[in-house]
1. Residue check: is Thr20 in contact (Cβ under 8 Å) with a residue 40 or more places away in the chain, within 21 Å of Gln419 (Cβ to Cβ), polar (S, T, N, Q) and in contact with a Lys or Arg (Cβ under 9 Å, 6 or more places away or on another chain)?
2. Please verify whether Asp160 is closer than 30 Å to Ala6 by Cα and assigned to a helix (DSSP H, G or I), treating the condition exactly as stated.
3. Do the conditions hold for Ser93, that is, is it among the hydroxyl-bearing types (Ser, Thr, Tyr) and either farther than 20 Å from Val444 by Cβ or touching a Lys or Arg at 6+ places or on another chain (Cβ under 8 Å) (or both)?
4. If you go through the stretch 23-35 one residue at a time, do you hit one that is under 17 Å from Val97 (Cβ atoms), open to solvent by 40 Å² or more (accessible area, probe 1.4 Å) and more than 28 Å from the chain's Cα centre (by Cα)?
5. Across the stretch 39-61, which residue is least open to solvent (accessible area, probe 1.4 Å) among those that are more than 21 Å from Ile8 (Cβ to Cβ) and part of a loop (DSSP other than H, G, I, E, B)?
6. Take the stretch 498-510 and flag every residue that is closer than 22 Å to Asn450 by Cα and either touching a Pro at 6+ places or on another chain (Cβ under 7 Å) or open to solvent by less than 80 Å² (accessible area, probe 1.4 Å) (or both).
7. Out of the residues in the stretch 488-497 that are of a type outside the set (D, E, K, R) and more than 20 Å from Leu357 (Cα to Cα), state the one that is surrounded by the most Cβ atoms within 10 Å (Cβ to Cβ).
8. Being polar (S, T, N, Q) and assigned to a strand (DSSP E or B) is the filter here; which residues of the stretch 14-38 pass it?
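The values are calculated or read from the model by the stated rules, or taken from the named source; none is laboratory data. Everything numeric here is computed off the predicted structure, so don't read it as measured data. Cβ placement follows ideal geometry from the backbone for every residue including glycine, while neighbour counts extend to all protein chains displayed. Please note that ligands, DNA and RNA were not included when accessible areas were found on the heavy atoms of the full protein model with its side chains. Shrake-Rupley method; radii C 1.70, N 1.55, O 1.52, S 1.80 Å.
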Amino acid sequence: MLLTGAEILIKSLLDEGVETIFGYPGGAVLNIYDELYKYKDKIRHVLTCHEQGASHAADGYARATGKVGVCLATSGPGATNLVTGIATAYMDSVPMVAITGNVAKPLLGKDSFQEVDITGITMPITKHNYIVRDINELQDIIREAFYIAQEGRPGPVLIDIPKDVTAEKTQYNKIIPKEIVRKSEHITEKSLQEAVELINQSKKPLIYAGGGIGISEATSELIRFAEKINSPVSTSLMCMSEFPNDHELYTGMIGMHGTKASNIAATKCDLLITLGARFSDRVIGNQNHIKNAKILQIDVDPAEINKNIKVDTCIVGDLKVALNQLIPLIDEKKNEEWFNTINNLKENKKIASNSELTPELLFDKLNELNDGDFIISTEVGQHQMWTAQYFNFKSERTFITSGGLGTMGYGLGAAIGAQIGRIDRRVFNIAGDGSFGMNCNELVTAVKNNLPLIQVVMNNNCLGMVRQWQDFFYEGRYSETTLDRPTDYVKLAEAFGAKAFRITEVDEIDDILRKALDSEGPVLIDYLINSDKKVFPMVAPGAPINQIISEEDI
């Protein structure tokens, strides 16, 4: 059957099980959009307000569902507007396929209107990318792109298609997607035995679990593993919802804004078991203070082994497979003295004041209302850390945030993707007023699609995290971090067509949250907090993670 490149693209996406695309049309992709019109009963296209919003939505969709997120943009500025979203997905290992149009092949390399070398631009921030110069290769490239995006350590793949390729015709044959097999070929008996020896000898183990737990869907294996050796479990930001926050072994987030229990345990343990994590500088800080511990690292990506910290032994392979092979081989342990030591370091979550609006108070109320179904996305800043510190995550794939790149403006687009992918759940996007201002236009996308997501703006009239650093390290010189914007976020949301509420008093919180949850469409809540509210605990950049600055210290 002879089909155009545009129709081959759409049929190939259907072959890959794609149900939703986030995008924005333009001249170079008109042939593709014409086919999308014909197939609109089979593939849902979500028109965002900006291409960056489309890439973040595809990212959020992927994180919430485990499927590949797909976004589509035209050439030139359309393609470059995807770059931040592609980089965000790359840093957090999110499976995404970004499709861009380009000028016709004879115009490539001639500075043609809206021409840009998007494959060159995105080479450092994609697992792989393609420019399709031959229509006969299009179908195989699409199949390969979806495979690469998902296999091993996931990540974004870009396919750039010149406009004339979408108009040319060639033979189409339905192709079954390539099966994704969990990587286990490098899990050797030797590596397993070395790991078993370290674990069995350890009297003070600490598990440091990262985003790889969620990617490999290894939460149940992590719980079994931790319980068998009675090890405390700390998590990176990317793993917050992948281990039950109310489990007795859970010590909380580790790192710059981590808990006292997690941070001190990392410097006192005799074995640090690192699962699907990359020893980020925001986690480890000055690594000299963990040099007394043996380090076991398990990761699917061999490039992560010995990259940031030298390890004593490692297992290279899929976490779910590796843990399932490791658990039967290790001894059951109590480590009672160590367990009691760490348990005594745990601090009771601060009881929120009922006299003023605080982040703690908001999350206390959300925790009361959450039965495990809430999905929380965030922007980047203080509100992101408060979410990690105070929200009680109960189930997997319920925390969606930009960890590696730290992308302000990410959360609302991601919330839209997550809500479309998981319409059975309620999505909250927690934002600061600084981050919200970057991509607030995507509220229109939520309204148009009647999505029941709830946008919370923690309004402190400043760029809170940067201001906090200026307080601590720049003698309080608030250079360009006080916003003083006259924007009325309630009126802005209403102008976009959303319901909106403002919370200024403590006794308004319950009623407004319930009204928001009872609403069918999107809701914005303007939550006013003090500009001087800071994130504690905190470790200074480059300092050992047991040198913890608390609110009492300040």
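1. Yes.
2. Considered against the rule, which asks whether it is closer than 30 Å to Ala6 by Cα and assigned to a helix (DSSP H, G or I), Asp160 comes out as no.
3. Against the criterion (among the hydroxyl-bearing types (Ser, Thr, Tyr) and either farther than 20 Å from Val444 by Cβ or touching a Lys or Arg at 6+ places or on another chain (Cβ under 8 Å) (or both)), Ser93 qualifies.
4. no
5. My answer is Thr48.
6. Ala498, Ala500, Phe501
7. Of everything passing the filter in the stretch 488-497, Ala493 is surrounded by the most Cβ atoms within 10 Å (Cβ to Cβ).
8. Selection gives Thr20 alone.
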